[in-house]
1. Looking at the chain, identify the longest residue range that excludes and avoids all GluC sites (Glu not before Pro) in DSSP loops having at most 11 other Cβ atoms within 10 Å.
2. When the chain is fully extended, how far beyond the present Cα-Cα distance does GLN278 get from MET256, taking 0.36 nm per residue of separation?
3. Using the Cα centre as the reference, give the magnitude of the dipole from point charges on the C-beta atoms of the stretch 172-300 (Lys, Arg: +1; Asp, Glu: -1; all else neutral), rounded to the nearest 20 debye.
4. Not counting ligands, DNA or RNA, and with a 1.4 Å probe, what is MET144's accessible surface area in Å² rounded to the nearest 10?
5. Taking the DSSP beta bridges in the stretch 214-329 as the whole, what percent of them are antiparallel, to the nearest 5?
6. To the nearest 0.05, what FRET efficiency results for ASP247 and LYS395 with a Förster distance of 41 Å applied to their C-beta separation?
7. What percent does the relative contact order of the chain come to when contacts are Cα pairs within less than 8 Å and at least six residues apart?
8. Pull up the DSSP beta bridges for the chain and report the antiparallel fraction as a percent, rounded to 5.
Amino acid sequence: MRSDLSSTEASASPLLRRGDTLELVTEKVADRGKCIAYHNDRVIFVPQTLAREQVRVKIRKRRKKFAEAQLLDVLTPSPNRVKPQCQYFGSCGGCSLQHVDYRQQLEDKHQLIRETMERQAGFPGLEIRTPIKADATYAYRNKMEFSFSSHRWLSWEEIASNQTFDTSFALGLHPPNLFAKILDIHQCHLQGDRSNAVVNGIRDLAINLNWPPWNWRNKEGFLRHLVIRQSAYMPDFMVNLVTSEYDAKRMLRLAMYLKISHPHVTTLINTINSTPAQTAFGEQAETIYGPGILKDRIGEITFEIAPGAFFQTNTLQAEKLVQVVQDLAKVSTKDHVYDLYCGTGTMALSLAKGAKHVTGIELIKDAIVNAKNNASLNGINNCSFISGDMLKLLKPDFILKHGSPDIIILDPPRAGMHPKVATQISELNVRKIVYVSCNVQSQARDLSILSKSYKAVVAQPVDLFPHTHHIENVVLLEKRNGNG
């Protein structure tokens, strides 16, 4: 039953207006960690809430069929509500579920996957196994990307404190859905203490030396992004400072500082991005000191990771993810496996031992260089890695040259695959496909295309991202017979 307890002011008119305050009872969790409530049959999305909570909200945005609200008070809390650990919770867009008990997070993610697979992918009744939980729910990320800004965004708490803040410099993360704004972050609980110390140290150094942060309005400034990467199993620790230009004196000063104050940093990279694009990728990368890469391990495989290469951000959970893929793929020594969107070769190299041959394809050239080095590093000689655009590569001449696949592993970026790529994969007529995704919505869209030729057998979620709405989902697809 829909619950609707509106304020006297709001209920006086059937129209819902921006700024109206309402009392509502949330019904269930929706996408991106928000809950759904209803007012006069209109859907209201409320962040930072749990199902079956009575709350007081203010309408922020109004659309034709729904509205978005700001949480003002929790009048009747859920028994699964917990105190967020982070002081920036609600202001920072990094974590949206710290207010939810971790067991409930897993249940909510499980339910959302079930609904998405049924409604968007068209797989009613699909077996969706219980999500594999994370052993560590904080300090689990091996990579964090922070942004510099000359326009610091103040949180509601900072504004309410009546303190005076210098808003001309910020190093931190974006507020929710405000990608041009930066909240100054001094402690992120998703990374370890050493990483937080490096972030704060570089902020202090830059401010003391008057290094100008990026001004997104004027498209000028020196400091753009700070990327921290650390190994889970090796002593490797990478700092990648993204700047608008190369400045040798400044890089020397930064190198001296890190070697003295943070000797655990094993390599310093300076990536140059002179374009207006707000990205940590650039047109060149200079190694200031150290090897320019870091190494880590997943299972028995050691990996070299370049500054811009993709590597699962939760190493310990990635080991469980790889095991799930191995269990579902059941690769034999007769199988030729295609690993599409292979990155640095995580899945390809992990499957190679049991396969006849593995062919990995990846758009980013540096990742392919890493993948080849990783194969050599681990003494694996039955893997081939090719760099290129999937849409252009998956053509008959490519299949003739490299051989037909028996099994395909898919692990595309968050946006999923180009629809034509999904069609090309369907036409390869492989025995089975194992589709790994961190975005269940884009995965469901792609699966709806693949479902014309393949049936979904089982889905196994793996939680690599506690306290966020993200979760990895692995789906096993098998070729349909002639009767569909």
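The values are calculated or read from the model by the stated rules, or taken from the named source; none is laboratory data. Only a predicted model underlies this, so the values are computations on that prediction, with no experimental measurement involved. So basically every Cβ, Gly included, is an ideal-geometry build from the backbone, and we count neighbours across all protein chains shown. Accessible surface areas use protein heavy atoms only, side chains included; no ligands, DNA or RNA. Shrake-Rupley method; radii C 1.70, N 1.55, O 1.52, S 1.80 Å.
1. Numbers: sites that count: GLU245, GLU283, GLU300.
By the stated rule (loop sites, at most 11 other Cβ atoms within 10 Å), 1-244.
2. Numbers: separation 22, 0.36 × 22 = 7.92 nm, distance 2.78 nm.
Stretched fully, the GLN278-MET256 segment lengthens by 5.1 nm.
3. Values: 13 positive and 11 negative charges, 38 e Å.
Value, rounded to 20: 180 debye.
4. That residue has around 20 Å² of solvent-accessible surface.
5. On the way: 18 of 24 bridges.
That works out to approximately 75 percent antiparallel.
6. Numbers: r = 45 Å, r/R0 = 1.09.
The formula returns an efficiency of 0.40 here.
7. It rounds to 12 percent for the chain.
8. Details: 66 of 100 bridges.
Here the antiparallel bridges make up roughly 65 percent for the chain.
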